[in-house]
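A quick write-up on the structure given underneath.
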Amino acid sequence: MKIAMAQFNPTIGDFAGNAAKILELALAAHRRGAELAVFTELCLCGYPPQDLLERPSFVRRNQEELHRLAKTLPLPAIVGYAGAVKNGRGKAVANKAALLRDGHVAFEQSKMLLPTYDVFDESRYFQPAEKQCTFAMGPELLGITVCEDAWNDVGFWPKQMYERDPIAEIVQQGSSVLINISASPYTLGKQALRFEMLRSAAVRHKRPVVYVNQCGGNDSLVFDGASLAITADGKVAAQALAFEQDLVMFDTLTGEGEIHPQPTEEIAYAYGALVTGARDYVRKCGFSKVLIGLSGGIDSAVVAAIAVDALGAENVLGVSMPGPFSSEGSKTDAQAVAAHLGIKCITLPITDVFEAYKKALEPAFAGRGPDVTEENLQARVRGNYLMALSNKFGSMVLSTGNKSELAVGYCTLYGDMAGGLAVISDVPKEMVYELARWINSRETGRSKDGHGREVIPQATIDKPPSAELRPNQKDEDSLPPYPVLDCVLKAYIEDLLSPAEIAEKYGFELKLVREIALLVDRNEYKRKQAAPGLKITSRAFGFGRPFPIAQRFVP
């Protein structure tokens with residue numbers, strides 16, 4: 001059987017638009033001789049729909065659009081949608097894969113394993129399948145599963161999270177090809193893990209695996225696509241592009257298919273995720289232009305480069321806001337980044353407004369010397385400038401703080417945290433430098449002479465990081481060196497190690513590790529008020545990491 005693997009970028013709730021994309025890809029698959037087109041999890045309504053699923057009209061629209069779509073498709077297709085459950089027990093909705101053929105729904109399989117970890121909360125919405133069934137089509141007996149159903153292979157995972165293994169159940173029923181429709185968000189290293197898991201299932205069960213994954217960004221989540229077909233002997237027979245709409249063919253008879261190129265470095269894959277997430281968040285929220293405060297530092301430079309790749313230089317405005325402690329180097333570096341990226345940059349000094357704030361507050365602050373209050377005032381003046389420009393021009397502000405700063409609260413509420421999207425809030429500081437170097441090396445690789453152009457000035461990369469809110473300020477005045485800080489933060493936030501375990505594993509002083517952990521815990525209130533950020537690590541701040549603000553647990 002010739003199977004077309006069809007991945008695209010759905011928008012949540014855009015039933016007509018998503019159905020139109022499905023039809024467009026189905027027509028292309030039909031022209032190329034496909035006998036079956038396979039789409040992705042909940043692609044008709046978009047993933048993840050969250051509490052929209054609790055609105056009966058949303059579920060009804062799913063079903064109406066599905067039946068309308070079935071009448072127009074030129075070939076059989078597997079489509080993910082949210083469908084009503086009719087057994088009268090449990091949840092009223094199921095996460096379903098529908099096989100549409102000859103103008104109607106010929107077969108349905110509900111998702112059995114409903115994840116409730118990290119960003120997932122599917123038991124809140126869906127009724128799980130009670131059983132797995134196969135469906136005979138032509139020479140094949142199709143075994144269809146939905147996303148998490150493929151992530152419980154006893155032969156791959158040292159510990160199973162669920163009692164049942166849907167893949168094993170359909171294999172026992174004689175399924176000849178294993179199909180998994182998915183909306184699997186990207187995180188660092190996940191592509192390699194996913195491949196090894198699917199390869200293990202194909203080899204262990206001696207059956208080809210067809211895995212079709214959503215692409216594009218929805219809120220904080222970025223889906224990388226990169227759909228795969230793996231033969232029974234574990235070879236990659238077909239592969240779709242990462243982060244882009246794509247259609248690739250796989251023939252179950254010959255075991256052959258189309259393989260489209262992939263990023264070869266993890267840093268390039270991560271950059272693609274950030275560009276995709278920024279582009280889709282801005283556009284799906286109804287914006288076309290963005291504003292970025294250009295400080296002359298590494299963070300804002302990397303965010304500006306991402307924004308240009310996501311939206312085009314003509315849609316990005318840089319705003320330089322020098323203050324009383326801004327160095328000449330920072331001013332010139334901000335202008336250089338703008339020039340290298342081809343974006344317009346305006347300069348709005350903050351010193352006069354900052355001085356006016358201090359004068360107005362002088363009576364209330366009588367008898368008290370300067371401290372962090374005056375530093376935060378500068379950041380808040382800048383935040384006000386950016387939000388005023390946002391209101392006036394209808395542009396979204398992209399905040400530029402990184403994960404390391406957000407983790408320990410080295411950021412100012414209503415100041416540098418102001419914005420509609422925190423692009424690199426899940427990117428540790430050391431990785432920001434890695435992205436900057438990769439951005440520059442990419443330009444070298446693109447150029448004919450092998451020299452390229454310096455997008456991010458070397459001076460920006462080389463200088464010690466500083467918020468420049470007081471004379472000669474450096475980040476290391478308040479924080480450990482970033483290589484140490486990032487190591488501790490990853491161990492504490494992502495690996496869930498205790499301070500004692502971290503100190504023992506990495507040889508750090510226990511007192512230092514405890515201080516960092518305490519900063520992480522005490523600054524949850526700031527993160528609750530931060531702009532949404534793009535998730536690229538295994539544990540990002542936001543709805544996938546629900547910690548209480550008012551609590552007294554000390555690890």
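The values are calculated or read from the model by the stated rules, or taken from the named source; none is laboratory data. If you're wondering where the values come from, they're calculated on a predicted model, not measured in any experiment. All Cβ positions, even for glycine, are placed from backbone atoms using ideal geometry, and neighbour counts span all protein chains on display.
Somewhere in region 289-297, is a residue in a helix (DSSP H, G or I), among the basic types (Lys, Arg) and either within 10 Å of VAL337 (Cβ to Cβ) or in contact with a Gly (Cβ under 9 Å, 6 or more places away or on another chain) (or both)?
Within region 289-297, not a single residue is in a helix (DSSP H, G or I), among the basic types (Lys, Arg) and either within 10 Å of VAL337 (Cβ to Cβ) or in contact with a Gly (Cβ under 9 Å, 6 or more places away or on another chain) (or both).
Out of ALA379, ALA407, I need the residue that is farther than 21 Å from LEU534 by Cβ and assigned to a helix (DSSP H, G or I). Which one?
On the way: ALA407 fails: farther than 21 Å from LEU534 by Cβ.
None of the others qualify; the one that does is ALA379.
All but one of (1) modelled with pLDDT of 95 or more; (2) crowded, with 16+ Cβ neighbours inside 10 Å hold for CYS285; state the number of the condition that does not hold.
Condition (2) is where CYS285 drops out.
Could you tell me whether VAL275 is aliphatic (A, V, I, L, M), surrounded by fewer than 24 Cβ atoms within 10 Å (Cβ to Cβ) and not in a loop (DSSP other than H, G, I, E, B)?
Values: aliphatic (A, V, I, L, M): yes; surrounded by fewer than 24 Cβ atoms within 10 Å (Cβ to Cβ): yes; not in a loop (DSSP other than H, G, I, E, B): yes.
Taking the combined requirement at face value, the residue satisfies it.
Filtering region 2-17 down to residues that are aliphatic (A, V, I, L, M) and buried (at least 17 other Cβ atoms within 10 Å of the Cβ), which residue is nearest to the chain's Cα centre (by Cα)?
Looking at the filtered set, the residue picked out is ILE12.
Does VAL302 satisfy being closer than 18 Å to ALA459 by Cα, surrounded by 24 or more Cβ atoms within 10 Å (Cβ to Cβ), in contact with a helix residue (DSSP H, G or I) (Cβ under 8 Å, 6 or more places away or on another chain) and in contact (Cβ under 8 Å) with a residue 40 or more places away in the chain?
Working: closer than 18 Å to ALA459 by Cα: yes; surrounded by 24 or more Cβ atoms within 10 Å (Cβ to Cβ): yes; in contact with a helix residue (DSSP H, G or I) (Cβ under 8 Å, 6 or more places away or on another chain): yes; in contact (Cβ under 8 Å) with a residue 40 or more places away in the chain: yes.
Yes, satisfied.
Condition test on GLU244, is it charged (D, E, K, R), in a helix (DSSP H, G or I) and surrounded by fewer than 18 Cβ atoms within 10 Å (Cβ to Cβ)?
The answer is no for GLU244.
Does region 85-92 contain any residue that is modelled with pLDDT under 95, buried (at least 20 other Cβ atoms within 10 Å of the Cβ) and of a type outside the set (Gly, Ala, Ser)?
Of all residues in region 85-92, those modelled with pLDDT under 95 come to 85-92.
Of the ones still in play, those that are also buried (at least 20 other Cβ atoms within 10 Å of the Cβ) are none.
Scanning region 85-92 turns up no residue that is modelled with pLDDT under 95, buried (at least 20 other Cβ atoms within 10 Å of the Cβ) and of a type outside the set (Gly, Ala, Ser).
Taking the residues in region 162-179 that are farther than 13 Å from MET112 by Cα and of a type outside the set (S, T, N, Q) as candidates, determine which candidate is farthest from the chain's Cα centre (by Cα).
Ranking the qualifying residues of region 162-179, first place goes to GLY174.
If I filter region 493-512 for residues that are within 23 Å of ALA278 (Cβ to Cβ) and either aliphatic (A, V, I, L, M) or assigned to a loop (DSSP other than H, G, I, E, B) (or both), do I get at least one hit? Walk me through it before giving the result.
Within region 493-512, the subset within 23 Å of ALA278 (Cβ to Cβ) is 493-494.
Next, from what is left, pick out any that are either aliphatic (A, V, I, L, M) or assigned to a loop (DSSP other than H, G, I, E, B) (or both): 493.
Looking through region 493-512, at least one residue is within 23 Å of ALA278 (Cβ to Cβ) and either aliphatic (A, V, I, L, M) or assigned to a loop (DSSP other than H, G, I, E, B) (or both).
What are the pairs with Cβ atoms under 8 angstrom where one residue, in region 114-130, is touching a residue at least 24 places away in the same chain (Cβ under 8 Å) and within 17 Å of PRO185 (Cβ to Cβ) and the other, located anywhere, is outside any loop (DSSP other than H, G, I, E, B) and among the aromatic types (Phe, Trp, Tyr)? Sequence gap at least six, or different chains.
LEU114/PHE126
Would you please name the residue that is modelled with the lowest pLDDT, looking only at residues in region 442-500 that are β-branched (Val, Ile, Thr) and over 13 Å from PRO428 (Cβ atoms)? Talk me through it step by step, then tell me what you get.
Restricting attention to region 442-500, the residues satisfying the condition of being β-branched (Val, Ile, Thr) are 444, 455-456, 460-461, 484, 488, 493.
Okay, now just the ones that are also over 13 Å from PRO428 (Cβ atoms), so 444, 455-456, 460-461.
Details: THR444: 65, VAL455: 90, ILE456: 93, THR460: 92, ILE461: 93.
Step by step, filter region 442-500, then rank; the result is THR444.
Please count how many residues of region 247-261 are surrounded by 16 or more Cβ atoms within 10 Å (Cβ to Cβ) and polar (S, T, N, Q).
Total satisfying the criteria: 1.
Quick check, is LYS526 basic (Lys, Arg), modelled with pLDDT of 95 or more, under 30 Å from ARG382 (Cα atoms) and in a helix (DSSP H, G or I)?
Considered against the rule, which asks whether it is basic (Lys, Arg), modelled with pLDDT of 95 or more, under 30 Å from ARG382 (Cα atoms) and in a helix (DSSP H, G or I), LYS526 comes out as yes.
For region 146-162, enumerate the residues that are within 30 Å of PRO76 (Cα to Cα) and in contact (Cβ under 8 Å) with a residue 40 or more places away in the chain.
VAL146, CYS147, ALA150, TRP151, ASP153
Of all residues in region 473-500 being of a type in the set (Asp, Glu) and touching a residue at least 24 places away in the same chain (Cβ under 8 Å), which is farthest from VAL119 (Cα to Cα)? Before the answer, list the steps.
Taking region 473-500 and keeping what is of a type in the set (Asp, Glu), we get 475-477, 486, 494-495.
Restricting the remaining residues to those that are touching a residue at least 24 places away in the same chain (Cβ under 8 Å) gives 475, 486, 494.
Numbers: ASP475: 31, ASP486: 22, GLU494: 13 Å.
Among those residues, the one meeting the criterion is ASP475.
Looking only at residues in region 204-232 that are within 24 Å of LEU142 (Cβ to Cβ), assigned to a loop (DSSP other than H, G, I, E, B) and not small (Gly, Ala, Ser), which one is nearest to the chain's Cα centre (by Cα)?
GLN214
Taking only region 517-539 into account, find how many residues are surrounded by fewer than 22 Cβ atoms within 10 Å (Cβ to Cβ), within 28 Å of VAL222 (Cβ to Cβ) and among the aliphatic types (A, V, I, L, M).
So the answer is 4.
For region 464-480, check the following and say yes or no: at least one residue is assigned to a helix (DSSP H, G or I) and of a type in the set (A, V, I, L, M, F, W, C). Even if it seems obvious, please write down each step before you answer.
So in region 464-480, the residues assigned to a helix (DSSP H, G or I) come out as 475-477.
Filter again for of a type in the set (A, V, I, L, M, F, W, C), leaving none.
No, region 464-480 contains no residue that is assigned to a helix (DSSP H, G or I) and of a type in the set (A, V, I, L, M, F, W, C).
Conditions (1) within 30 Å of VAL432 (Cα to Cα); (2) surrounded by 22 or more Cβ atoms within 10 Å (Cβ to Cβ); (3) among the aromatic types (Phe, Trp, Tyr); (4) not assigned by TED's automatic domain parsing to the domain that holds THR252, marked per residue:
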site	(1), (2), (3), (4)
GLU148	no, yes, no, no
GLN172	no, no, no, no
SER175	no, yes, no, no
TYR186	yes, yes, yes, no
ARG194	yes, no, no, no
VAL203	no, no, no, no
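Checking the condition within 26 Å of GLY544 (Cβ to Cβ) and not in a loop (DSSP other than H, G, I, E, B), which residue from TYR385, TYR433 passes?
TYR433
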